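Novice: Can you read through this structure? Questions will come right after.
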Amino acid sequence: MTTPDGISLSELAKFVDAEVTGEGQGLIRKVAPLNKATTDSISFFSDPRYRNDLANTKAGAVILKAEHAENCPVPALVVDNPYYAYAKIADRLHPRHWAEPGIHPTAVVSEQAVLGQNVSIGAHAVVEAGARIGENSEIGAGGFIGAGAQVGPQCWFGNGVTIERECIVGARAVLHPGVVIGADGFGFAPGPEGWRKVPQIGRVLVGDDVEIGANTTIDRGTQEDTVIENGVKLDNLVHIGHNTRICEGTIIAGCTVVAGSTTIGKNCTIGGAAVITGHIEIADNTTLMGMSAVTGNIREAGVYSSPLPVQPVQQWRRNAARFPKLDDMFRRMKMLEREIQDLKDGQNQGASAEPVHRGDGRAISTDSARPHR
């Protein structure tokens, strides 16, 4: 979907507080990659690996930093953060499609539900008694809003999104298809008759301006609530366990698993397929690289990583065969270090010993004073 009428460069520059360089005042209707852009497209440049694409682009304009402007053959919008400016412009040129307000004939909406103005309810969606949906929000086809659940204003829910009973989603949330908010947390108590399910009576509280990717699941709390604070962004196929808190501004990439009762601080960045154990805390502004395994608290902000890099299979097999011996090797190494230190201490003591005097008063070395064997 493009913007048929187009937007002038000067208007886009004002929109992102950019300086315009180069000649040309054509209208921009869409965004496109540097190597495929046409004169009605705008691109961005921030990675030096794409210098050749910049040099040969046919775009109507390129968003870039001042240091790259002289290498741009077409008009440019000069900003400090090209990718961020691109995101704003792309959102304006390609706005999200919203359905027309109204309730589809096949939807089932309780008479005890409260719907704000201009709400859209898609085909075969269900809204139970006591649920509240804020104005200008859209519930996609097959969606489910449980009893007593609340959805804030200007939310967009893709097809098949489930908000279970009493859970709350704030304003301007974007939930992609298949998201499940408020399924039971994973709680079972062992006993003589096997595993006994622990009732999950908490809720899930999702803040404002949160985006959640397709098929991501967030479990309700056992007793307290699971909390996703304002501005959090979760990718596809992320799992958040019960009683967990994800603090404001944190972003988590796909296939990451966060176990229960964990707190992840503000403005953290979690790479894909990370595994985070339960009952721990991660400091604000922490970055975890992809596939990291976190088994304890992270008290200080920083960049952390734990995966092993890929290796040729034969080398990997040799290393894997040695893994069970690592503890024994470590103990032996520590023993050798102690023995070496003892030898050094003995040599130092010998070197600092008092000189031995002969009967005539002349000093001799300590070694020569020792009896021969």
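Where a number appears in this text, it was derived from the coordinates with a stated rule and is not lab data. Remember, predicted model here, so these are calculated numbers, not experimental data. A quick note on method: Cβ atoms are made from the backbone with ideal geometry, for glycine too, and the neighbour counts reach across all protein chains shown.
Novice: Need the C-alpha centroid separation for region 176-198 versus region 1-62, integer Å.
Specialist: What the calculation gives is 50 Å, centre to centre.
Novice: When Lys and Arg each count +1 and Asp and Glu each count -1, what net charge do the other residues less than 9 Å away from T38, Cβ to Cβ, add up to? Let's see the in-between values first.
Specialist: Working: positive: K30, K36, K58; negative: D40.
Taking every other residue near T38 into account, the sum is +2.
Novice: Which percent, nearest 5, of DSSP beta bridges in region 102-304 are antiparallel? Write out the running numbers ahead of the final one.
Specialist: Numbers: 4 of 61 bridges.
If I count the DSSP bridges inside region 102-304, around 5 percent turn out antiparallel.
Novice: Along the Cα→Cβ direction, 7 angstrom out, place labels at A123 and E224. What is the inter-label distance in nm?
Specialist: Computed distance between label sites A123 and E224 equals 4.4 nm.
Novice: Just one of (i) -0.62, -0.72, -0.91, -1.10; (ii) -0.74, -0.85, -1.07, -1.21; (iii) -0.80, -0.89, -1.08, -1.29 is log10 I(q)/I(0) by the Debye sum over Cα atoms at q = 0.09, 0.10, 0.12, 0.14 Å⁻¹ as worked out from the coordinates here. Which one is it?
Specialist: The listed entry that was calculated here is (ii).
Novice: Residue-wise, which Karplus ³J(HN,Hα) couplings in Hz belong to region 312-317, taking 6.51 cos²θ - 1.76 cosθ + 1.60, θ = phi - 60°, and x for glycine or proline?
Specialist: Per residue, the Karplus-derived 3J(HN,Hα) values read x, 4, 5, 5, 4, 5 Hz.
Novice: Give a residue-ordered list of calculated ³J(HN,Hα) values for region 47-58 (Karplus: 6.51 cos²θ - 1.76 cosθ + 1.60, θ = phi - 60°; whole Hz; x for Gly, Pro).
Specialist: 10, x, 5, 10, 4, 5, 5, 5, 5, 10, 5, 10
Novice: Right, next: What is the set of long-range amide H partners of V31 at a cut-off below 5 Å, with H atoms built 1.01 Å from backbone N?
Specialist: Under 5 Å from the amide H of V31 lie the amide H atoms of I42, each far enough along the sequence or on another chain.
Novice: As an exercise, use a Förster radius of 30 Å and the Cβ-Cβ distance of N81 and T38 to find the FRET efficiency, rounded to the nearest 0.05.
Specialist: On the way: r = 25 Å, r/R0 = 0.83.
E(calc), rounded to 0.05, equals 0.75.
Novice: Taking the chain as a Gaussian network, where each spring joins two C-alpha atoms under 10 Å apart, which residue of P192, P177, P105 fluctuates the most?
Specialist: P192
Novice: Add +1 for every Lys or Arg and -1 for every Asp or Glu among the other residues with Cβ under 11 Å from the Cβ of A66, and state the total.
Specialist: The answer is -3.
Novice: Here's something else I'd like to know. Could you tell me which of V127, H94, A320 has its Cα farthest along the dipole of the chain towards the positive end, charges placed at Cβ (Lys, Arg +1; Asp, Glu -1), taken about the Cα centre?
Specialist: Positive-most Cα among the choices belongs to A320.
Novice: Between 0 and 90 degrees, rounded to the nearest ten: what's the tilt of helix 326-351 against the longest Cα principal axis of the chain?
Specialist: Value to nearest ten degrees: 40.
Novice: For the chain, what is the percent of antiparallel DSSP beta bridges, rounded to the nearest 5?
Specialist: Details: 11 of 76 bridges.
If I count the DSSP bridges inside the chain, around 15 percent turn out antiparallel.
Novice: Of G182, G146, T244, which is farthest on the positive side of the dipole of the chain, counting Cα position, with +1 on Lys and Arg Cβ, -1 on Asp and Glu Cβ, and the Cα centre as origin?
Specialist: T244
Novice: Only helical DSSP H runs with n ≥ 4 go in: add -39500 (n - 2.57) per run for the chain, normalise by residue count and round the 222 nm mean residue ellipticity to 500 deg cm²/dmol. Don't jump to the answer; show the numbers that get you there.
Specialist: On the way: 6 runs with 65 residues, N = 373.
-5500 deg cm²/dmol, from helical runs alone.
Novice: Could you give the dipole magnitude of region 102-304 about its Cα centre, charging the beta-carbon of Lys and Arg +1 and that of Asp and Glu -1, in debye to the nearest 20?
Specialist: Values: 11 positive and 20 negative charges, 50 e Å.
The dipole magnitude comes to about 240 debye.
Novice: What is the distance, in nm, between label points placed 7 Å from the Cα along the Cα-to-Cβ direction at I340 and at V275?
Specialist: The modelled label-to-label distance comes out at 3.5 nm.
Novice: Here's another thing I want to ask about it. Which one, G346, G290, G122, has the greatest fluctuation when you compute a Gaussian network model over the chain with C-alpha springs under 10 angstrom?
Specialist: For the chain, modelled as a Gaussian network with Cα springs under 10 Å, the answer is G346.
Novice: Another question about this same structure. Could you give the size of the charge dipole of the chain about its Cα centre, using +1 on the Cβ of each K and R and -1 on the Cβ of each D and E, expressed in debye and rounded to the nearest 20? Display every interim value, and only then the final one.
Specialist: Numbers: 35 positive and 42 negative charges, 338 e Å.
My answer is approximately 1620 debye.
Novice: Determine the sum of side-chain charges near F188: Lys and Arg each +1, Asp and Glu each -1, restricted to other residues whose C-beta is under 10 angstrom from that of F188. Please report the intermediate quantities before stating the final value.
Specialist: Details: positive: R196, K197; negative: none.
Net charge around F188: +2.
Novice: To continue, here is another question. Fewest first, what order do V232, V257, V303 take by the number of other Cβ atoms within 10 Å? Could the numbers behind the result be given before it?
Specialist: Numbers: V232 25, V257 14, V303 9.
Listing V232, V257, V303 from fewest to most nearby Cβ atoms yields V303, V257, V232.
Novice: State which stretch of the chain is the longest one without any exposed GluC sites (Glu not before Pro), exposure meaning a DSSP loop state and at most 11 other Cβ atoms within 10 Å.
Specialist: On the way: sites that count: E23, E111, E193, E300.
Result for the longest clean stretch: 194-299.
Novice: Let me ask something additional. Quick one: Karplus J couplings for region 143-158, per residue in order, coefficients 6.51, -1.76, 1.60, θ = phi - 60°, nearest Hz, x for Gly and Pro?
Specialist: x, 9, 10, x, 4, x, 6, 10, 10, x, x, 6, 8, 10, 10, x
Novice: Just rank Y86, Y304, fewest to most, by other beta-carbon atoms within 10 angstrom. Numbers along the way, then the final one.
Specialist: Details: Y86 22, Y304 16.
Sorted ascending by nearby Cβ count, the order is Y304, Y86.
Novice: Hand me the trypsin sites (Lys or Arg not before Pro) from region 235-331 located in a DSSP loop with no more than 12 other Cβ atoms within 10 Å, in residue order please.
Specialist: Working: sites: R245, K266, R299, R317, R318, R322, K325, R331; in loops: K266, R299.
In loop regions of region 235-331 (DSSP not H, G, I, E or B), the sparsely surrounded trypsin sites (Lys or Arg not before Pro) are R299.
Novice: What residues have an amide H closer than 5 Å to that of V169, excluding those fewer than 5 places away on the same chain, when H is modeled at 1.01 Å from N in the peptide plane?
Specialist: Here the answer is Q150, V151, G152, V206, since their amide H atoms fall under 5 Å of that of V169.
Novice: Related question: Got the relative contact order for the chain handy, in percent, Cα pairs under 8 Å and 6 or more residues apart?
Specialist: 6 percent
Novice: Could you line up F323, F144 from fewest to most neighbouring Cβ atoms inside 10 Å? Mind showing how you got there, number by number?
Specialist: Details: F323 8, F144 20.
Listed from fewest to most nearby Cβ atoms, that is F323, F144.
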